[in-house]
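The values are calculated or read from the model by the stated rules, or taken from the named source; none is laboratory data. Everything numeric here is computed off the predicted structure, so don't read it as measured data. Neighbour counts run over all protein chains shown; Cβ positions are idealised from the backbone, glycine included. SASA here: full protein model, heavy atoms, side chains in, ligands and nucleic acids out. Shrake-Rupley method; radii C 1.70, N 1.55, O 1.52, S 1.80 Å.
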2 protein chains.
Amino acid sequence: MEYIQQQFDVNFSFRVFFSRDLFDPANTCLSAFLESKAEAAFQKKLLVVLDGGVAASHPGLAEKISYYLMQVRGFRLAPEMITLTGGESVKNDLSQLFSLVDAIDQHGIDRHSYVIGIGGGSLLDLVGFAAAISHRGVKHIRIPTTVLSQNDSGVGVKNGINYKGKKNFLGSFAPPAAVFNDSTFLATLDGRDWRSGMVEAVKVALIRDAPFFEWMEKKAEALTGGDMPAMEELIYRCAALHMAHIGGGGDPFESGSARPLDFGHWSAHKLEQLTDFSLRHGEAVSIGIALDSVYSCLLGWIDEAAMLRIVNVLKAMQLPIWHPLLQKQDDEPSPVIAGLEEFREHLGGQLTVSLLRAIGRGAEIHHIDLDMLYKAADICQKLQS
Amino acid sequence: MEYIQQQFDVNFSFRVFFSRDLFDPANTCLSAFLESKAEAAFQKKLLVVLDGGVAASHPGLAEKISYYLMQVRGFRLAPEMITLTGGESVKNDLSQLFSLVDAIDQHGIDRHSYVIGIGGGSLLDLVGFAAAISHRGVKHIRIPTTVLSQNDSGVGVKNGINYKGKKNFLGSFAPPAAVFNDSTFLATLDGRDWRSGMVEAVKVALIRDAPFFEWMEKKAEALTGGDMPAMEELIYRCAALHMAHIGGGGDPFESGSARPLDFGHWSAHKLEQLTDFSLRHGEAVSIGIALDSVYSCLLGWIDEAAMLRIVNVLKAMQLPIWHPLLQKQDDEPSPVIAGLEEFREHLGGQLTVSLLRAIGRGAEIHHIDLDMLYKAADICQKLQS
Ligand SMILES: NC(=O)c1ccc[n+]([C@@H]2O[C@H](COP(=O)([O-])OP(=O)(O)OC[C@H]3O[C@@H](n4cnc5c(N)ncnc54)[C@H](O)[C@@H]3O)[C@@H](O)[C@H]2O)c1
Ligand SMILES: NC(=O)c1ccc[n+]([C@@H]2O[C@H](COP(=O)([O-])OP(=O)(O)OC[C@H]3O[C@@H](n4cnc5c(N)ncnc54)[C@H](O)[C@@H]3O)[C@@H](O)[C@H]2O)c1
Ligand SMILES: [Zn+2]
Ligand SMILES: [Zn+2]
């Protein structure tokens, strides 16, 4: 059988910058990045898409952004700044996607130009996808404004929108040109968003970095109380761990099945869905981490002391560790636990779940004992109160 | 300024197979490929999208395909085979895209499963794009059925659809899992599609491979007359050259501006558009190659003998080398030649056009003299008659 073998590597690289008050005219972090990309021969263009929730909390922000970007040499700012209502709903409506595609077209954003998304993870997921499919991929810059997007979603390589009620059904892998984490935005976050965003740090510390977990144990009260320098450190360390996994894990575009960073997530995804997203992602993951840590303990993989340390950090962050949907409902199975079967199918037939061998060390398992899982859920309920 | 550097390589590899009568139960080319991807633990799924023009020319084809694929071990064929009217129009309608996305959802095509597109370049561009955005990319296999798609578009890494009249405005870079070129399909091609598909071979030979060009000079009559073994050789050599460029050129996803494979294409794209696609892509490129070869000759880059050899090959393939739209229209500039300015803007401000230094050697230029270009067009008109 005759064939020609094709084979090549594509190199992807980008920086995640950490700064404060990014659009202060004296802050050259963003402008210096852009100016380093300028070309003498022609002007590149910039199109800004802003999260309405961020704009509402920061009066005058749009004007400040425009003023800042108009000074950048070698770039022309599109006259229109697009403001979209932020939050999950922005990912539910295809017309939002096409309004961005139309704006990219109208403002002549070509493959040399940049779309800049400023907002929470939901808005960034939408903007990244619109950029990825226009002209087979125009460059995008992310400026995440929530804890979750600064420490996890915004520093990764995925984007996506929901389609016909299916979470992230449409999307792609498209690394950003750069990411700018500005802690100043975080001051106006809703308390639930502030706290629940920390869960990804707990998660990644538990599977990868015991000293980071110990640091969070010490800092939990301060973090929960709004200590900004502590939050900046949490975000930096958490982002670094996520980036090291993506860049160093050998499978940045997830062609295999292993998902170590999804520790605590199998039940969380189901809980978010079953509660119609009234649980924040981080709150659901907090419950998922508690459940899978207790299960790891019942398996004998971690001892009770370690399990209690995990539960106590989550409780110190004022996060839930149990939900009534984990119980049997009138003799019917718990809809979350029943979701394990769905998850197996979603994985293509073989179940792979991350558990803990120790604080700081994740490990995978391919079988979950349902009785033991119900027992773990009961223990979470008792520890919750 | 603090930052974390992200950086990784993603490896892409796939094979382009050359075969005949692919769905003959005795032909294991496709089934062996699929079975090599089977997993003991679970069944993978297959969804077929077939070009209606191909189906119409090959009675019984859908049944033959179903019968063949149902025998493949480890795979389950979706009960529905999707047949879409082929040709450019399939790329003009967003509802076609979403009908495929819906089918991928309904038939449970996950990231382990395969969508198989069978048809011309237009259908393959649509199928590849639908696969690329579903679940952040499900695998797709291409079975191209035209000369153009077997020697050029189908063996590359791009896909796309038209949006609001803009050619390929939406799309992505998404390499296929494999490509199967089956020459049996070509026997039913319309004569214009058969002939115009050869132009990409002339193009790539002119910029890269003088012996291949000489071979085509010798074989032009036979090829034009329908000699299938000659066509198979042309397709193999042309596909190999395109693949070597993509795999070995250092920029498979086209992040830079150089497009050596677009020799003859700047005017061709404009001609296709101005004639509302009544010119085939290859016919328009034939005119574009003639124009840019004559221009190369006027510049003194190639001699007249070489220029005439090029024109004569195109004429022997019964392809046009001139179009009235290359002339001034009532003292207004030629709309094709005026398009050069648009093309410069499209490139972001700096013009880059491929010309010829010799038969087999392309070279780039950043300035085109309009008077000389009109003169080249006049010469093409004379040579045409
Ligand atoms: N792409 C990925 O890899 C990835 C990974 C994890 C999660 N996600 C996605 O991220 C989304 C969740 O993102 P999120 O948690 O950042 O929330 P979000 O984007 O949904 O925003 C929540 C709310 O906070 C508002 N907001 C944002 N920043 C603010 C600020 N600084 N001050 C005041 N209000 C502000 C928004 O307007 C919105 O109303 C989900 O859709 C999830 O699927 C993506
Ligand atoms: N992705 C890329 O890199 C790339 C590169 C070049 C061109 N293209 C695209 O390819 C498209 C053109 O593709 P094409 O030239 O293959 O034509 P096509 O797909 O438009 O098909 C032309 C006609 O031939 C019919 N047909 C296809 N195979 C047949 C067969 N074996 N027998 C009888 N009829 C058959 C189709 O039904 C259609 O009516 C354009 O949209 C162009 O943009 C893509
Ligand atoms: Zn998460
Ligand atoms: Zn072409």
Counting only residues that are among the hydroxyl-bearing types (Ser, Thr, Tyr), give me the strands (runs of 3 or more DSSP E) lying completely in segment B:1-93 with at least 1 of them. B:2-19, B:82-84
All but one of (1) within 16 Å of ligand 2 (Cβ to nearest atom); (2) hydrophobic (A, V, I, L, M, F, W, C); (3) away from chain B (no Cβ under 12 Å) hold for residue A:90; which doesn't? (1)
Could you list, in sequence order, the residues of segment B:1-36 that are over 27 Å from the mean Cα position of the chain (by Cα) and more than 7 Å from chain A (Cβ to nearest Cβ)? B:25, B:26, B:35, B:36
Among the listed residues B:241, B:271, B:261, which satisfies the condition of being modelled with pLDDT under 95 and more than 16 Å from ligand 1 (Cβ to nearest atom)? B:261
Considering segment A:127-154, residues that are within 15 Å of the chain's Cα centre (by Cα) and more than 9 Å from ligand 1 (Cβ to nearest atom), and then whichever is nearest to residue A:203 (Cα to Cα), we arrive at A:151
Positions within segment B:90-105 being open to solvent by 20 Å² or more (accessible area, probe 1.4 Å) and touching a residue at least 12 places away in the same chain (Cβ under 8 Å), in sequence order: B:92, B:94, B:96, B:99, B:105
Within the group A:57, A:13, A:31, which residue is polar (S, T, N, Q) and within 30 Å of residue B:16 (Cα to Cα)? A:13
Counting just the residues of segment B:1-32 that are aromatic (Phe, Trp, Tyr) and farther than 24 Å from residue A:173 by Cβ, which one comes out surrounded by the most Cβ atoms within 10 Å (Cβ to Cβ)? B:23
Scan of segment A:33-46 for residues that are hydrophobic (A, V, I, L, M, F, W, C) and open to solvent by less than 80 Å² (accessible area, probe 1.4 Å), ordered by number: A:33, A:34, A:38, A:41, A:42, A:46
All but one of (1) under 14 Å from residue A:118 (Cα atoms); (2) open to solvent by less than 10 Å² (accessible area, probe 1.4 Å) hold for residue A:66; which doesn't? (2)
If the Cβ limit is 8 Å and pairs must be 6+ apart or interchain, which residue in segment A:138-163 that is open to solvent by less than 10 Å² (accessible area, probe 1.4 Å) pairs with which residue that is within 16 Å of ligand 4 (Cβ to nearest atom)? none
Restricting to segment B:130-157, name every residue that is out of contact with any helix residue (DSSP H, G or I) (no Cβ under 8 Å at 6 or more places or on another chain) and under 30 Å from residue B:343 (Cα atoms). B:132
Hey, could you check segment B:164-190 for residues that are facing another protein chain (nearest Cβ under 9 Å) and open to solvent by 60 Å² or more (accessible area, probe 1.4 Å) and say which is farthest from ligand 2 (Cβ to nearest atom)? B:164
Can you name every residue in segment B:304-340 that is of a type in the set (Asp, Glu) and part of a helix (DSSP H, G or I)? B:304
Residue B:58 fails exactly one of the following numbered conditions: (1) open to solvent by 30 Å² or more (accessible area, probe 1.4 Å); (2) away from every other protein chain (no Cβ under 13 Å); (3) under 16 Å from residue B:142 (Cα atoms). What is the number of that condition? (3)
Report, ordered by the first and then the second residue, all pairs with beta carbons closer than 7 Å, sequence separation of six or more or different chains, a first member in segment A:225-254 that is within 11 Å of chain B (Cβ to nearest Cβ) and of a type outside the set (A, V, I, L, M), and a second member that is open to solvent by 50 Å² or more (accessible area, probe 1.4 Å) and outside any helix (DSSP H, G or I). A:247/B:7
Would you pick out the residues in segment A:359-377 that are open to solvent by 80 Å² or more (accessible area, probe 1.4 Å), in contact (Cβ under 8 Å) with a residue 24 or more places away in the chain and assigned to a helix (DSSP H, G or I)? A:370, A:375
